[in-house]
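Accompanying notes for the structure given below.
The values are calculated or read from the model by the stated rules, or taken from the named source; none is laboratory data. Everything quoted here is computed from the prediction, not taken from an experiment. Here the Cβ is made from the backbone with ideal geometry for all residues, glycine too, and neighbour counts use every protein chain on show.
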There are 2 protein chains.
Amino acid sequence: MSRLNTIARRLAFGALVSACSFGVFAETSPITDEQKKNAEALIQKALKSDLGYSIVESLTTEIGPRLGGSEAEKRARDWGVVVGERLGFDKVSVEEFTMPFWDRGHLHISLTAPYAQPLYGTALGGAAPSESEINADIVYFRDIHALTAVKDGALKGKIAFVDGDAMVKSQTGAGYGQANQRRRIGWQHAQRGGAEALVVRSVGSDSHRFPHSGMMSSDGDNWADIPVVAISNPDADHLRRLHNLGKPLSLSLHSESKWKGEVNSGNVILDLVGSEKPEEIILIGGHLDSWDLGTGAVDDGAGVAITTAAAALIASLPERPKRTIRVVMFGAEEVGLLGAFAYAKQHEKNLKNHVLATESDFGAQTIWQLVSNVNPEATVLVDEIAKILSPLGIVRGGSDIAGGGPDIIPLAAKGVPTIRLNQNGRDYFDLHHTPDDTLDKIAPDELAQNIAAYAASIYLLADSDVDLKAKQ
Amino acid sequence: MSRLNTIARRLAFGALVSACSFGVFAETSPITDEQKKNAEALIQKALKSDLGYSIVESLTTEIGPRLGGSEAEKRARDWGVVVGERLGFDKVSVEEFTMPFWDRGHLHISLTAPYAQPLYGTALGGAAPSESEINADIVYFRDIHALTAVKDGALKGKIAFVDGDAMVKSQTGAGYGQANQRRRIGWQHAQRGGAEALVVRSVGSDSHRFPHSGMMSSDGDNWADIPVVAISNPDADHLRRLHNLGKPLSLSLHSESKWKGEVNSGNVILDLVGSEKPEEIILIGGHLDSWDLGTGAVDDGAGVAITTAAAALIASLPERPKRTIRVVMFGAEEVGLLGAFAYAKQHEKNLKNHVLATESDFGAQTIWQLVSNVNPEATVLVDEIAKILSPLGIVRGGSDIAGGGPDIIPLAAKGVPTIRLNQNGRDYFDLHHTPDDTLDKIAPDELAQNIAAYAASIYLLADSDVDLKAKQ
């Protein structure tokens, strides 16, 4: 806990400096002394609180894995309602929507030549089942570029294997988009080539024998007609070494993954109603669904816990901030941002009143940067918020960065201003979409730092008179 | 490679100091200047060589997992013969033996109450199959002590779950023996209680969703009549949290693991025949078999590579050392030291000529300590060897430590002197007996340090006139 003590000392020192500034701060900042005091108190309280950790512990333990559209996701929504009510939110509701359900089913994948060895793989989201066991030789592609160059029909009777490199670990998660091409569009080229199935190297930065799941991209309205499987980085290394030795490789593969028709999902909405401008909404949140392999602790139990706990701390202030703070626990994010699109559609007519939106969906390591995309005249407010967050080790980043998180994409596209509290993502892609995404991967003090940053910044944005949205 | 450069500089400095010592060293040491020079040259050569890494890369890639008694283990013996012949050993042979074969088969284990969630488990060696799917409530035991206190028949119709704690990471691997009790003898008490099956927390220091396999202990000639399954640490944490919430827990479990009759295994023996005392044998080695979940890189491809590469480097000297150096690639170690007992029996009449034995079977991290159990009058030789190894970061440990490695136990019990080059085992029990024991876990420079230490020390012991064995 020495890190937290250091932060607490820095904060106390900051308060002292501020007290000696003879009101200069108050004259130039859009943040009042009272607001600043409240924000700093929220930080102190958040750093000492175990509320966030208890939320993610409860979600991962009492609900477990919760694939979008599953019975478990429904239990998670019920859980979200209870959490919202117990934590004193003013309004708690569930907004349902329908969605197509993809089920992973059982997978068997094994090397059969040059010798028998089970591989650690998992079906990718949207993949088709194999009708029976597929036994076929591998055609090796060094990367997705090599596969995209394949001639139509050239892979008949074969299994295509697309190698690539393990992701480099980075603070920002850079490289995910590029590496992800083999997961996203690989099937289109394998299928065009006539392959029986596609196997890809997992998209992840780890060297453990966990495959990383994830959704493929549809081709218009079409999904793959063939099984598509990701194998772990060490398994892909193994195939590469055998291939480099000139060994012909064969696989046996049987996958039950398939689409199973329309089901219900939903978003859970927890509101702290604003005291002066209740119609203006500051939207924060995470996604409630997870992939089914792990228990969705870092993706995205952490985001749900961070934003819910931050709002609950704000709720414990003597007065509600001026604007409404809305926590959305989005449903069915992993399988295509379905809750996010449903929300944007269901609130289409009221999006003009969404004055800011941001999501926590990048794990539970510490936040290091605050970026924004708000009315240029409101940028000074975000600059001042960043100063208040600086004792937490957070620096101010760009003021014209689009985004706000995956589930915010449909809102940002409609002109809703965003901020993002960027987390250190160095270890994120070790765990992302694997069985290893479990509670033990979350450090309570890092989670608390996140909640402190959210509580302070969201309070200040909600209690501000500054117009965050450019006039249109 | 900066670590290796540092080692190389330290060695050069050591040589300079030695050169300034005006022969004092030669007068007091059982090691000649010539021997010392050869040993130091072996160290330098080993640190620059990739021979050891290429051996473990070849074994794990070209053979893969190789369970004791399996067809894969037979391929590994054929591989060992080819390796021995290519590396210029004077005699290469295989000594076969028979053994009972235990096959893991398929396992399904899933939480069914309070909700459905697949668990990551694996059968323990020697466990019986379930006749059909077992669906039963869990009786929770905090640790093995709680289970040993269970009353006869008290677990009828139930599945016993024995929790415990994840192992603490340590340099020496301390804590393994104690933690391992639940794996070793848990079944005897679960079966006495009348349980349908036993589930135990894996014995390991990691927090990944890999179960750790391993052999149970037989009770006299009897093995378990029930399925016994180890689950990963995060899965065990999950069950513990649910239990602590007061939730009744149920499992569904189906295991195909079973004994399948007698099969062949064998030890591969590679000899460098001594130039003056060929009948005196210095035995080194590792075990060729692995558990079937990983590819047995650290357990014990590394040990095979370290000792084979060290002997091959010694073979590249202009002359053979005085004594015979024998590399044994033991078969069927994991399933009960079967190769080790077979060797001791097959060489029963010649054990008096085994003047020293040691095995590398604790991974591939750097060696930090040299311990021994030799004729007290020979201890000074080991002390002097330790001085030559000190630039590698190796210190001298106790001179009355029994052992020499798992496969050396039957030899040590018959009075064969031993040394052990103790490796840093800090990460060993993260990987031990899991699917994650793969080549990527071995750092080539750490492996090279091991080979340097073995090459120098084994050369010096083999070329020495010092009697290592106390007169009996």
- Residue within the stretch B:191-198 that is free of Cβ contacts under 8 Å to residues at least 40 places away in the same chain and within 14 Å of another protein chain (Cβ to nearest Cβ) present: no
- Query: What is the one condition in (1) at pLDDT 95 or above; (2) crowded, with 23+ Cβ neighbours inside 10 Å; (3) part of a loop (DSSP other than H, G, I, E, B); (4) away from chain A (no Cβ under 14 Å) that B:THR434 does not satisfy?
  - Reply: (4)
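Anything in the stretch A:178-203 that is assigned to a loop (DSSP other than H, G, I, E, B), buried (at least 24 other Cβ atoms within 10 Å of the Cβ) and of a type in the set (D, E, K, R)? List them, or say none.
First, the residues of the stretch A:178-203 that are assigned to a loop (DSSP other than H, G, I, E, B): A:180, A:193-196, A:202-203.
The next check asks that each one be buried (at least 24 other Cβ atoms within 10 Å of the Cβ); those that pass are A:195, A:202-203.
Passing the criteria: none in range.
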- A:PRO227 passes all but one of the listed conditions (1) in contact (Cβ under 8 Å) with a residue 12 or more places away in the chain; (2) farther than 28 Å from A:PHE341 by Cα; the exception is number (2)
- Considering the stretch B:46-63, residues that are buried (at least 23 other Cβ atoms within 10 Å of the Cβ) and under 19 Å from the mean Cα position of the chain (by Cα), and then whichever is farthest from the other protein chains (Cβ to nearest Cβ), we arrive at B:GLY52
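When only residues in the stretch B:204-247 that are within 14 Å of chain A (Cβ to nearest Cβ) and either in a strand (DSSP E or B) or modelled with pLDDT under 95 (or both) count, which is surrounded by the fewest Cβ atoms within 10 Å (Cβ to Cβ)?
Pass one, the stretch B:204-247, residues within 14 Å of chain A (Cβ to nearest Cβ): B:204-213, B:231-247.
From what's left, either in a strand (DSSP E or B) or modelled with pLDDT under 95 (or both): B:231, B:247.
On the way: B:ILE231: 25, B:LYS247: 15.
Filtering the stretch B:204-247 for residues that are within 14 Å of chain A (Cβ to nearest Cβ) and either in a strand (DSSP E or B) or modelled with pLDDT under 95 (or both), the one surrounded by the fewest Cβ atoms within 10 Å (Cβ to Cβ) comes out as B:LYS247.
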- Query: Has the stretch A:325-342 got any residue that is acidic (Asp, Glu), touching a helix residue (DSSP H, G or I) at 6+ places or on another chain (Cβ under 7 Å), assigned by TED's automatic domain parsing to the domain that holds A:ILE419 and buried (at least 24 other Cβ atoms within 10 Å of the Cβ)?
  - Reply: yes
- Task: Kindly list the number of the only condition in (1) surrounded by fewer than 19 Cβ atoms within 10 Å (Cβ to Cβ); (2) more than 30 Å from B:SER58 (Cα to Cα) that fails for A:THR112.
- Result: (2)
- Query: Residues in the stretch A:128-147: is at least one within 24 Å of the chain's Cα centre (by Cα) and crowded, with 22+ Cβ neighbours inside 10 Å?
  - Reply: no
- Which pairs have Cβ atoms under 9 Å, sit 6 or more apart or on different chains, and link a residue in the stretch B:78-94 that is within 14 Å of B:ILE55 (Cβ to Cβ) to one that is among the basic types (Lys, Arg)? B:GLY84/B:LYS91
- Pairs with Cβ under 7 Å, 6+ apart, first in the stretch A:363-392 and in the same structural domain as A:ILE31 (by TED's automatic domain parsing), second among the basic types (Lys, Arg): A:GLN365/A:ARG426; A:LEU370/A:ARG396; A:VAL371/A:ARG420; A:ASN375/A:LYS469; A:ASP383/A:ARG396; A:ALA386/A:ARG396; A:ILE388/A:LYS36; A:PRO391/A:ARG10
- Taking the stretch B:336-359 and keeping residues touching a Ser or Thr at 6+ places or on another chain (Cβ under 9 Å) and closer than 30 Å to B:SER218 by Cβ leaves B:GLY336, B:LEU338, B:GLY339, B:ALA342, B:ALA357, B:THR358, B:GLU359
- Query: Which residues, counting only those in the stretch B:258-279, are touching a Leu at 6+ places or on another chain (Cβ under 7 Å) and not aliphatic (A, V, I, L, M)?
  - Reply: B:SER265
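Kindly indicate whether A:ILE367 is out of contact with any strand residue (DSSP E or B) (no Cβ under 6 Å at 6 or more places or on another chain) and surrounded by 24 or more Cβ atoms within 10 Å (Cβ to Cβ). Full working, then the answer.
On the way: out of contact with any strand residue (DSSP E or B) (no Cβ under 6 Å at 6 or more places or on another chain): no; surrounded by 24 or more Cβ atoms within 10 Å (Cβ to Cβ): yes.
Considered against the rule, which asks whether it is out of contact with any strand residue (DSSP E or B) (no Cβ under 6 Å at 6 or more places or on another chain) and surrounded by 24 or more Cβ atoms within 10 Å (Cβ to Cβ), A:ILE367 comes out as no.
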- Item | Among (1) at pLDDT below 95; (2) in contact with a strand residue (DSSP E or B) (Cβ under 9 Å, 6 or more places away or on another chain), the one test that B:SER93 misses | (1)
- Task: Could you tell me which of the residues B:GLY266, B:GLY246, B:GLY285, B:GLY294 is over 13 Å from B:ALA462 (Cβ atoms) and without any contact (Cβ under 8 Å) to a residue 12 or more places away in the chain?
- Result: B:GLY246
- Scope the stretch B:440-472; condition surrounded by fewer than 17 Cβ atoms within 10 Å (Cβ to Cβ) and either of a type in the set (A, V, I, L, M) or over 22 Å from the mean Cα position of the chain (by Cα) (or both); matching residues: B:ALA443, B:ASP465, B:ASP467, B:ALA470, B:LYS471, B:GLN472
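Restricting to the stretch B:248-280, give me the number of residues that are farther than 30 Å from B:ARG209 by Cα and surrounded by fewer than 23 Cβ atoms within 10 Å (Cβ to Cβ). Working first, answer last.
Going residue by residue through the stretch B:248-280, those that are farther than 30 Å from B:ARG209 by Cα are B:261-280.
Subsequent filtering for residues that are surrounded by fewer than 23 Cβ atoms within 10 Å (Cβ to Cβ) retains B:261-264, B:271, B:273-280.
Of the residues in that region, 13 qualify.
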- Restricted to the stretch A:437-472 and to residues being of a type in the set (S, T, N, Q) and in a loop (DSSP other than H, G, I, E, B), the residue modelled with the lowest pLDDT is A:GLN472
